[in-house]
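What follows is a set of notes on a single structure, which appears directly below.
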Amino acid sequence: EAGVAQSPRYKIIEKRQSVAFWCNPISGHATLYWYQQILGQGPKLLIQFQNNGVVDDSQLPKDRFSAERLKGVDSTLKIQPAKLEDSAVYLCASSLGSGREAFFGQGTRLTVV
Amino acid sequence: GESVGLHLPTLSVQEGDNSIINCAYSNSASDYFIWYKQESGKGPQFIIDIRSNMDKRQGQRVTVLLNKTVKHLSLQIAATQPGDSAVYFCAEMKTSYDKVIFGPGTSLSVIP
């Protein structure tokens with residue numbers, strides 16, 4: 001079974017630039033999550049989708065971050081404009097049932113300079 | 001349950017010894033407590049969880065203990081192997097929200 005696919009693996013941008021991350025969840029998984037993991041910390045949930053609807057985006061900085069999951073499969077997370085403090089690994093995860101058993105992708109490491 | 005700090009606690013163990021990783025949690029209303037393993041360059045991987053009405057749960061080479069009196073969670077790894085080297089995160093979840101809150105990680109190094 002293929003895992004959660006994310007791209008790109010690494011991205012370096014200057015502050016105030018825009019960036020987008022892509023995620024393809026495991027086939028059949030209705031729930032998709034985006035997490036932000038700052039170096040040395042545990043992942044923090046940014047947004048959760050159930051099919052193509054948003055379940056929880058309470059931790060998403062909506063003034064600069066946006067996410068969509070068109071057709072309830074792939075998802076993109078965008079940051080516009082980026083700040084230095086956005087430097088982190090952005091993890092996508094998907095689950096068939098409970099979020100505690102979600103499968104994570106390898107993540108995209110973003111460096112904002 | 002929010003993780004803090006830039007410096008992970010570390011634990012070094014000799015190959016073949018047992019490892020015990022500890023975690024304090026904050027939310028007494030959580031329904032599940034979970035342990036994840038994160039290897040370098042990879043996303044977290046579910047290891048084992050325990051319901052809040054249980055004290056102990058065993059898996060393959062791993063045991064999770066829950067002490068609700070002092071809000072303490074531990075992960076025991078038997079016969080630690082080099083492949084167990086990773087960062088381990090405790091986490092908690094309330095079923096009604098289906099939202100996993102990760103705690104601080106512990107970096108485990110296994111000495112061959």
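Quick look at the values:
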{"quantity": "Complete set of residues in region A:78-113 that are among the hydrophobic types (A, V, I, L, M, F, W, C) and within 24 Å of residue B:37 (Cβ to Cβ)", "calculated": "A:88, A:89, A:91, A:92, A:93, A:96, A:102, A:103, A:104, A:110"}
{"quantity": "Extreme residue, nearest to the other protein chains (Cβ to nearest Cβ), among residues of region A:98-108 that are in contact (Cβ under 8 Å) with a residue 24 or more places away in the chain and of a type outside the set (A, V, I, L, M)", "calculated": "A:104"}
{"quantity": "Residue under evaluation residue A:62, criteria (1) charged (D, E, K, R); (2) away from every other protein chain (no Cβ under 13 Å); (3) touching a residue at least 12 places away in the same chain (Cβ under 8 Å), criterion not met", "calculated": "(3)"}
{"quantity": "Qualifying position, being part of a strand (DSSP E or B) and within 14 Å of another protein chain (Cβ to nearest Cβ), among A:46, A:77", "calculated": "A:46"}
{"quantity": "Region B:22-35 - residue that is assigned to a strand (DSSP E or B) and within 13 Å of chain A (Cβ to nearest Cβ) and, of those, surrounded by the fewest Cβ atoms within 10 Å (Cβ to Cβ)", "calculated": "B:32"}
{"quantity": "Any hit, region B:76-95, residues being modelled with pLDDT under 95 and in contact with an Asp or Glu (Cβ under 6 Å, 6 or more places away or on another chain)", "calculated": "yes"}
{"quantity": "Search result, residues across region A:30-57 that are more than 19 Å from residue A:112 (Cα to Cα) and crowded, with 19+ Cβ neighbours inside 10 Å", "calculated": "A:31, A:32, A:33, A:42, A:45, A:47, A:48, A:49"}
{"quantity": "Given (1) closer than 28 Å to residue B:106 by Cβ; (2) touching a residue at least 24 places away in the same chain (Cβ under 8 Å); (3) in contact with a Ser or Thr (Cβ under 6 Å, 6 or more places away or on another chain); (4) surrounded by 15 or more Cβ atoms within 10 Å (Cβ to Cβ), index of the condition residue A:111 fails", "calculated": "(4)"}
{"quantity": "Some residue of region B:52-66 being within 25 Å of residue A:48 (Cα to Cα) and either touching a residue at least 12 places away in the same chain (Cβ under 8 Å) or surrounded by 20 or more Cβ atoms within 10 Å (Cβ to Cβ) (or both)", "calculated": "yes"}
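Matching residues to (1) among the small types (Gly, Ala, Ser); (2) away from chain A (no Cβ under 14 Å); (3) part of a strand (DSSP E or B):
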{"site": "B:20", "(1), (2), (3)": "no, yes, yes"}
{"site": "B:37", "(1), (2), (3)": "no, no, yes"}
{"site": "B:69", "(1), (2), (3)": "no, yes, no"}
{"site": "B:80", "(1), (2), (3)": "no, yes, no"}
{"site": "B:87", "(1), (2), (3)": "no, no, yes"}
{"site": "B:92", "(1), (2), (3)": "no, no, yes"}
{"site": "B:110", "(1), (2), (3)": "no, yes, yes"}
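The values are calculated or read from the model by the stated rules, or taken from the named source; none is laboratory data. Treat the numbers as computed from the prediction; the structure is a model and nothing was measured. Methodologically, a virtual Cβ is constructed for each residue, glycine included, from the backbone with ideal geometry; neighbour enumeration extends over all protein chains shown.
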